Amino acid sequence: MNTNVVLPPEVPDCPAILSDRFKTLRYEAETAEVVILNRRLYPFETVYERYRTVEEVAIAIEEMIVQGGPPLAYAAGLGMVLAAREAETADATSETKLRQAAERLLDTRPTADDLHHIIPKALVTGLKAQPGQRAEAILSYVNGEIQRGNDVSRLCGWHASHLLQDGDRILTHCIAGAALCWMLWYALQDGKRVQVIASETRPYFQGARLTAQSCVEMGIDCTLITDGMSAHLMSLGRIDKFICAADRITMDGHITNKVGTLQHAIAAHHFGLPFYVLGYDGPDPDSATAADIVIEERDPREVFFARGKEGRVQTAVSGINALYPAFDITPPHLIEAIITDKGIFPPTLIHTYHATQQP
């Protein structure tokens, strides 16, 4: 474990919108609405959707309006604020309504662990507060988690930036979120010029849209490839590192990420390239091994279309079947290191994260 890295220096604010979760989702008290950047449309359209009910927020999460483990968990947490406001008028049934809202939001996405920590804590926070103060208490908790997540992302990106060398060509998959933005931004401020090789990440094309747009906003060189090109480029010596995030990390060092991560990791291992995982705030204490991870199976019709079944560009013939497991699991022997806000851990030692103090 490496914890001998000084804390981040002051640098100009990262210009990538996805580096700050408060820029992509918030609760507006004046209108009692949850406001969420539509990541399915961004960056071709910058649209902020507005939601007034728990069910609307739940559907937004399920339909990929908000994506990524922490952001969707924060959105769900803000949905609990709406639930508390609705429940305040229900008197004796208010606690029941809060519990029902929590169950609905927990059912939206089974794989990412952030959701399954934030919603239970938001529920407890609301139940402990006095009637009439529950919405305010939950909002304070969720906003605190968003700020904490921003701080974690910045530290994780700072530690990760020390693994980059000037001239590195970095393969990414899906969108590794705020920590990826900060990793690249800190490297740039340190005078390192790196190139991002972004896989498209079908069927929603997060790599082609979200990762690529973040690079554009930061002035980072970015090259787009289709999901099946990485092994070929590695064989030609045109990729130096593979770096992605994780929707869940187990205590024994397995990571879950967008489906396709495993094949990139296998290729990197074959060609002797390091695979680094942006692990944010470490492993899920409730997931001892890979057997504890539920892999979400999404509507298979989504793979028949570019950018999902609402994308309107059909890419496959009718009359055939499809599968869409949204995530896969990569074992620790394929991972060089997991980078967190507390430092850099070998995957076999990630279980020590929670007992480790900040450097």
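Each value in this text was obtained by applying a stated rule to the coordinates, not by laboratory testing. As the structure is a prediction and not an experimental result, all values here were calculated from the model. Because the Cβ atoms are built from the backbone with ideal geometry, glycine has one as well, and the counts that use them run over all protein chains shown.
Using a Gaussian network model of the chain whose springs link C-alpha atoms within less than 10 Å, name the residue from Arg169, Arg148, Arg134 with the highest mean-square fluctuation.
Comparing Arg169, Arg148, Arg134 in a Gaussian network model of the chain, the most mobile one is Arg148.
Calculate the FRET efficiency for Glu136 and Arg99 from the Cβ-Cβ distance with a Förster distance of 25 Å, rounded to the nearest 0.05. List each step's numbers first, then the result.
Values: r = 19 Å, r/R0 = 0.76.
With a Förster radius of 25 Å, E is 0.85.
Please report the antiparallel percentage of DSSP beta bridges with both residues in segment 156-355, rounded to the nearest 5.
40
Select from segment 247-344 those GluC sites (Glu not before Pro) which occupy a DSSP coil region and have at most 14 other Cβ atoms within 10 Å, ordered by residue number.
Loop-located and lightly packed - Glu310.
Which ³J(HN,Hα) values, rounded to whole Hz and listed in residue order, are derived for segment 128-134 from phi using the Karplus coefficients 6.51, -1.76 and 1.60 in 6.51 cos²θ - 1.76 cosθ + 1.60 with θ = phi - 60°, glycine and proline given as x?
Couplings: 6, 6, 6, x, x, 10, 5 Hz.
Could you tell me which Cys residues in the chain have no other cysteine's Cβ under 4.7 Å from their own Cβ, answering none if every one has a partner?
For the chain, the answer is Cys14, Cys156, Cys174, Cys181, Cys244, because their Cβ atoms have no other cysteine Cβ under 4.7 Å.
Would you compute, from DSSP H runs of 4+ residues alone, the mean residue ellipticity of the chain at 222 nm, taking -39500 (n - 2.57) per run and dividing by the full residue count, rounded to the nearest 500?
Calculated at 222 nm, the ellipticity per residue is -10500 deg cm²/dmol.
Give me the number: length gained by fully extending Glu45 to Ser235, i.e. 0.36 nm times residue separation minus the C-alpha to C-alpha distance, one decimal in nm.
64.7 nm
Just to confirm the filter: which GluC sites (Glu not before Pro) across segment 19-124 are DSSP coil and have at most 12 other Cβ within 10 angstrom of their Cβ?
Here the sparse-neighbourhood loop sites are Glu30, Glu45.
Which lysines does Lys128 reach when only Cα atoms under 18 Å apart count, and residues fewer than 8 places away in its own chain are ignored?
By straight Cα distance, Lys128 reaches Lys97.
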